Amino acid sequence: MTPPSDSDRSHAMRIGAIHAKLAGLWQRRALSLKAAAFALIGVVNTAVDYGVFLLARAAYGQAPAAVSLFEAAAASCRCGTPQTLLLIAANMTSWIVAVTGSYVLNSSITFAAESGRKLRWRHYLAFVVAGVVGLVANTAALVFAAQILLLPVYVAKALAIIASFVVNFALSHFVVFRVRRNR
């Protein structure tokens, strides 16, 4: 058998470089498609989050037991006003509902290749733990916009959702649903 010529090696190197470039383009495209799917699922979850938030806020604000609890908690911890604690409680309620829907949809659609389209408690818990960072960003943005910037609550909630989208996609892509190499 004859050894490969310089021309053959050069051709193989060009093919390898083209293959690497195409793989890089495909990966960037895949990231864009994932971000788009994540965003579309996010629209559904945003509607759920927003709706549950408004319902919980109204329910907590009209329930005498909840109002008393928020007043007592605010007085004992000196960690905010009853209104701030009500916002946080309503936001956490809506987040729990939305994060569950987000996990199901993103496991089945956005990150289907990574998850095998299977729902697993362990992955759900990892998704929830990673989502806590998004919840913190969401709640901080909500309270800051509503209590410091004095924006209307519906505008503050919209800004909070944008902040958490950025955090949640980054964590989902790079941490929760990252491609794991077989060792």
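All of the numbers you see were taken from the coordinates with simple rules; none came from a lab. Nothing here was measured: the structure is a model prediction, and the numbers come from that model. A quick note on method: Cβ atoms are made from the backbone with ideal geometry, for glycine too, and the neighbour counts reach across all protein chains shown.
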>> Test of understanding: ordering 86, 159, 125 by Cβ neighbours within 10 Å, fewest first, what list do you get?
In response: 125, 159, 86
>> Distance between the C-alpha centers of region 115-183 and region 29-77? Whole Å please.
In response: 12 Å
> Can you list the HN-Hα couplings for region 111-126, worked out from phi with the Karplus curve (6.51, -1.76, 1.60; θ = phi - 60°), rounded to whole Hz and with x for Gly and Pro?
Replying inline: 10, 4, 5, 6, 8, x, 6, 10, 8, 10, 4, 4, 5, 4, 5, 5
>> If I take every Cα pair under 8 Å that is 6 or more residues apart in the chain, average their sequence separation and divide by the length, what percent do I get for the relative contact order?
In response: 19 percent
> Of [x] 1, 10, 18, 18, 17, 14, 11, 7, 3, 1, 0; [y] 1, 7, 13, 16, 14, 11, 9, 7, 6, 4, 3, 2, 2, 2, 1, 1, 1, 0; [z] 1, 8, 18, 23, 22, 16, 7, 2, 1, 0, which is the value of P(r) over Cα pairs in 5 Å bins from 0, in percent derived from the coordinates here?
Replying inline: [y]
> Can you put 103, 124 in order, fewest other beta carbons within 10 Å first?
Replying inline: 124, 103
